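The values are calculated or read from the model by the stated rules, or taken from the named source; none is laboratory data. In this text, all values refer to a predicted model and were calculated from it rather than measured experimentally. Cβ: placed from backbone, ideal geometry, glycine included. Neighbour counts: every protein chain shown.
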Amino acid sequence: MLTRFALPLAFVLVAAAFACGFWRLLVGPSVPDRILALDTLYVNAIALLVLSGIHLSSAAYFEAALLIALMGFIGTVALCKYLLRGDIIG
Amino acid sequence: MSRLLPHPLVALMLAAVWLLLANSVAPGQIVLGLLLGWAISLFSARFWPQTPRIHRPLVLLRLVGVVLYDILVANLTVAWLILRSPARLRPAFVRVPLALQSDLAISVLANAICLTPGTVSSRLSSDRRHLLVHALDVGDPDKLVATIKRRYEAPLREIFEPC
Amino acid sequence: MLDALLSSLVLAGALLTFIGSLGLIRLRDFYSRLHAPTKATTLGVGSLLLASALYFSTRGEGVSLHEVLVTVFLFITAPVSAHLLSKAALHLRLRSLAALPSEVSREGAGDSADRP
């Protein structure tokens, strides 16, 4: 039931989530909207990696998911800081 | 105690994180984790100028339970609000007066608000007296403020500022 | 039994992730859109990670708990990035369906505290 039915459906749903994120990233209209879309996309990427991990029964995807979580958060914070201050460090 | 092991809780937490990262509880990993936790908390001690004091651990546990439950409810609510027609939403900015003073307590409150009932904390006023909160669907702003104060702020005051 | 539990966790997680991203399209101003990914998507990924932990723990190679780390990390960082995003939006005075509070138009560019 898991591999025959649930996993393919979950892959489709996450792919649709990616499509929504990309649409918002392209359309905008404002800069924070695009940052929010990127933020959503990296969370979706974690979901996709976790699903791949279950699908292939391999724990090797975990490190990648953790790294994406870290880097995505830092990227969002840096972009927001840039909007708020005009520079990132300082 | 204070000089050699400035933050025992931080050291223990780092050791736990290390064990989770290594995904094993072999004795060697435990020793390595404790060693790393001790070293990191020693070298990063200057980033933690004052140690926050937790006065009521039991209240803290209950607050964590309440917040976890609220996260679940809030997520389902937000999902339902998205699926329903978005034109009927009543978004609003609400100003929440703060009774908390310490930085840590305000941070925890802001984070709890962000994760729970359809609200995002947007901005702390410059005199730290008000927190601006954006809510997705508000019927009665006063009721929302009262809920936030009763559910999160009161326990946080008991935990961090009992006076 | 375990199979059904895993399937429902995976499906619920994927569905919540999708609904959160759908909110990006359906909701009509930035401040409302901010709610969708920070809440629904985070819980969705949390549920997927729970399923993953369960799956790898029951394959007979010992308990696998490192998924907890990603979940905790996501739940800690989601409110911080949401707060910063909404602060940046207020700073740029984005159009909002709700009335912008008076202090934003008055204070203008002055932003006070760094941390949420």
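In table form, for the structure just shown:
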item	result
Residue among A:THR76, A:THR3 that is in contact (Cβ under 8 Å) with a residue 40 or more places away in the chain, among the hydroxyl-bearing types (Ser, Thr, Tyr) and either touching a Cys at 6+ places or on another chain (Cβ under 8 Å) or more than 22 Å from C:ALA40 (Cβ to Cβ) (or both)	A:THR3
Among residues of region A:6-15, those that are within 7 Å of chain C (Cβ to nearest Cβ) and either surrounded by fewer than 16 Cβ atoms within 10 Å (Cβ to Cβ) or β-branched (Val, Ile, Thr) (or both), counted	2
Among the residues listed as B:VAL108, B:VAL78, the single one being of a type in the set (Val, Ile, Thr), under 13 Å from B:ILE159 (Cβ atoms) and in the same structural domain as B:ASP137 (by TED's automatic domain parsing)	B:VAL108
Selection within region C:40-84 - under 18 Å from C:LEU2 (Cα atoms) and part of a helix (DSSP H, G or I)	C:SER47, C:LEU48, C:LEU49, C:LEU50, C:ALA51, C:SER52, C:ALA53, C:LEU54, C:TYR55, C:PHE56, C:SER57
Set B:LEU42, B:LEU61, B:LEU98, B:LEU14: member being at pLDDT 80 or above and assigned by TED's automatic domain parsing to the domain that holds B:THR119	B:LEU61
Yes/no for A:SER58 being more than 12 Å from the chain's Cα centre (by Cα), part of a helix (DSSP H, G or I) and more than 7 Å from chain C (Cβ to nearest Cβ)	no
Of the criteria (1) closer than 27 Å to B:LEU61 by Cα; (2) surrounded by fewer than 22 Cβ atoms within 10 Å (Cβ to Cβ); (3) of a type in the set (A, V, I, L, M), which one B:ALA87 fails	(1)
Flag for A:ALA16 being farther than 22 Å from C:PHE75 by Cβ and under 14 Å from the mean Cα position of the chain (by Cα)	yes
Hey, B:LEU104 more than 8 Å from chain C (Cβ to nearest Cβ), crowded, with 22+ Cβ neighbours inside 10 Å and in a helix (DSSP H, G or I) or not	no
Positions within region A:17-49 being more than 17 Å from A:PHE73 (Cβ to Cβ), in contact (Cβ under 8 Å) with a residue 12 or more places away in the chain and β-branched (Val, Ile, Thr), in sequence order	A:VAL31
Subset of region A:22-43 [facing chain C (nearest Cβ under 7 Å) and in a helix (DSSP H, G or I)]	A:TRP23, A:ARG24, A:PRO32, A:ASP33, A:ILE35, A:LEU36, A:ALA37, A:ASP39, A:THR40, A:VAL43
Verdict on A:VAL50 being of a type in the set (Val, Ile, Thr), in contact with a helix residue (DSSP H, G or I) (Cβ under 9 Å, 6 or more places away or on another chain) and more than 7 Å from chain C (Cβ to nearest Cβ)	no
Selection within region B:75-95 - more than 7 Å from chain C (Cβ to nearest Cβ) and either over 15 Å from C:THR42 (Cα atoms) or of a type in the set (Phe, Trp, Tyr) (or both)	B:TRP80, B:LEU81, B:ARG84, B:SER85, B:ALA87, B:ARG88, B:ARG90, B:VAL94
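Conditions (1) over 27 Å from A:ARG34 (Cα atoms); (2) out of contact with any Cys (no Cβ under 8 Å at 6 or more places or on another chain); (3) facing chain A (nearest Cβ under 7 Å), marked per residue:
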residue: C:VAL10; (1), (2), (3): yes, yes, yes
residue: C:THR17; (1), (2), (3): no, yes, yes
residue: C:LEU22; (1), (2), (3): no, no, yes
residue: C:ARG26; (1), (2), (3): no, yes, no
residue: C:ARG33; (1), (2), (3): no, yes, yes
residue: C:ALA40; (1), (2), (3): no, yes, no
residue: C:LEU65; (1), (2), (3): yes, yes, no
residue: C:LEU74; (1), (2), (3): no, yes, yes
residue: C:THR77; (1), (2), (3): no, yes, yes
